[in-house]
Amino acid sequence: MIVVLKPQVTEEKRDELISWFKELGLGVHVSVGKFQTILGLIGDTATVDMDLIGSLDIVDSVKQITESFKCCNRKFHPDDTIVEVGDVKIGGGNFCMIAGPCSVESEEQIVTIAKAVKEAGANMLRGGAFKPRTSPYDFQGLKADGLEFLRIAREETGLPIVSEIMSASDLPLFEDVDVLQIGARNMQNFDLLKEVGATNKPILLKRGLANSLKELLMSAEYIMAGGNEQVILCERGIRTFSDYTRNTLDLTAVPMLHELSHLPVIVDPSHATGIARLVPSMAMAATACKADGLIIEVHNDPRHALCDGAQSLKPEEYAKLAEKIRAILEVVSE
Ligand code: PEP
Ligand code: MN
């Protein structure tokens with residue numbers, strides 16, 4: 001961390017500040033310029049309150065040099081993390097195809113879709129049992145029954161299951177779920193992040209509707225600081241002034257997150273667009289910019305879906321898309 005002092009700061013005030021940093025256990029490198037003095041803080045500055053220092057009347061500006069995210073930072077872990085879910089690998093050149101309905105609606109529905117997406121080449125099944133809905137009057141998910149139907153679908157197809165957890169108190173119900181999804185609305189539910197960080201299950205962490213990449217990485221850090229290093233980042237669109245799509249798919253997130261972090265990055269073109277006919281092109285673009293996987297909503301009867309029918313592909317559309325994705329992967333993977 002670098003602290004630039006205002007011009008004309010007295011030596012006494014400067015030394016007072018330096019002693020304070022030293023009391024915090026930091027080394028201080030002092031560089032006296034013609035007009036300004038710069039203090040370079042050496043050591044673990046994670047606990048230093050930048051805003052507090054910046055507010056001091058003798059301080060001109062404060063700059064963080066190393067990022068506050070450590071566990072997920074590529075600087076400290078240059079190799080790609082490969083998250084393993086049973087036989088499925090994600091990251092480090094392993095592409096994963098997660099597909100399934102927005103919400104589990106019945107045993108028959110989830111088993112039918114699971115079989116169809118498996119046939120198309122998906123290697124994981126998604127399905128919400130606990131649904132974070134904007135309106136409390138909308139379908140909230142089948143909850144424990146939904147998880148049971150997912151388990152049956154896994155038994156029938158062998159596909160590992162991904163499902164969203166909204167509250168840590170539901171954790172016992174998720175014992176048998178392979179990947180815990182933290183939804184966009186809960187990306188900064190820090191208590192929930194700490195709780196899933198204490199589990200040994202892979203976590204699919206979605207970017208919040210209005211969150212920066214740094215905030216996404218800090219949320220991953222919450223999970224990893226608890227000892228769980230199996231985190232998959234997911235770009236699912238952010239809220240901008242887009243008027244014709246549900247969200248704006250920020251594909252720059254993919255190469256940027258790959259630079260910043262060693263964690264796998266997948267893309268959700270379904271929630272990003274909200275429109276089924278836009279999903280294939282965004283899915284292909286995400287693959288071309290080297291995402292580590294796709295999570296796509298597929299429903300056998302989108303018109304009657306209880307949630308997100310408008311953005312759901314039919315199984316045959318998904319199968320066509322999956323073929324194109326495989327062709328793009330041939331081109332982009334070294
Ligand atoms: C979902 O995956 O169904 C979902 C609710 O996603 P998000 O949290 O990205 O809105
Ligand atoms: Mn959905």
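Things worth noting here:
- Residue list for segment 276-304, restricted to those being buried (at least 24 other Cβ atoms within 10 Å of the Cβ), touching a helix residue (DSSP H, G or I) at 6+ places or on another chain (Cβ under 8 Å) and of a type in the set (D, E, K, R): Glu297
Rundown of residues vs (1) in contact with a strand residue (DSSP E or B) (Cβ under 8 Å, 6 or more places away or on another chain); (2) modelled with pLDDT of 95 or more; (3) among the hydrophobic types (A, V, I, L, M, F, W, C), yes/no style:
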position	(1), (2), (3)
Ile182	yes, yes, yes
Glu229	no, yes, no
Glu235	yes, yes, no
Leu249	yes, yes, yes
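- Scanning segment 194-219 for residues that are under 16 Å from Ala46 (Cα atoms) and either at pLDDT below 95 or touching a strand residue (DSSP E or B) at 6+ places or on another chain (Cβ under 8 Å) (or both) yields Leu217, Ser219.
- Test for Ala99: is it under 23 Å from Ile203 (Cα atoms), in the same structural domain as His271 (by TED's automatic domain parsing) and within 16 Å of ligand 2 (Cβ to nearest atom): yes
- When we screen Lys75, Lys89, Lys131, Lys143 for residues that are modelled with pLDDT of 95 or more, within 30 Å of Val332 (Cβ to Cβ) and of a type in the set (D, E, K, R), the only hit is Lys89.
- Members of segment 224-247 that are more than 11 Å from the chain's Cα centre (by Cα) and within 18 Å of Leu193 (Cα to Cα): Met224, Ala225, Gly226, Gly227, Asn228, Glu229, Gln230
- Residue check for Lys206: more than 16 Å from ligand 2 (Cβ to nearest atom), among the basic types (Lys, Arg) and in the same structural domain as Glu107 (by TED's automatic domain parsing): no
- Any hit, segment 3-21, residues being more than 14 Å from Leu56 (Cα to Cα) and within 39 Å of the chain's Cα centre (by Cα): no
- Check on Ser261, over 15 Å from Ala184 (Cβ atoms), surrounded by fewer than 18 Cβ atoms within 10 Å (Cβ to Cβ) and touching a strand residue (DSSP E or B) at 6+ places or on another chain (Cβ under 7 Å): no
- Set Thr273, Thr240, Thr245: member being among the polar types (S, T, N, Q), surrounded by fewer than 19 Cβ atoms within 10 Å (Cβ to Cβ) and within 16 Å of ligand 2 (Cβ to nearest atom): Thr245
- Of the strands (runs of 3 or more DSSP E) lying entirely inside segment 70-168, the ones with 2 or more residues being buried (at least 22 other Cβ atoms within 10 Å of the Cβ) and within 14 Å of ligand 1 (Cβ to nearest atom) are found at 96-100, 124-126, 161-164.
- Residues of segment 305-314 satisfying the condition of being more than 25 Å from the chain's Cα centre (by Cα) and surrounded by fewer than 18 Cβ atoms within 10 Å (Cβ to Cβ): Lys314
- From the list Ala322, Ala288, the lone residue that is more than 16 Å from ligand 2 (Cβ to nearest atom), under 24 Å from Leu233 (Cα atoms), in the same structural domain as Gly121 (by TED's automatic domain parsing) and touching a strand residue (DSSP E or B) at 6+ places or on another chain (Cβ under 7 Å) is Ala322.
The values are calculated or read from the model by the stated rules, or taken from the named source; none is laboratory data. Only a predicted model underlies this, so the values are computations on that prediction, with no experimental measurement involved. Note that each Cβ is placed from the backbone with ideal geometry, even for glycine, and that neighbours are counted across all protein chains shown.
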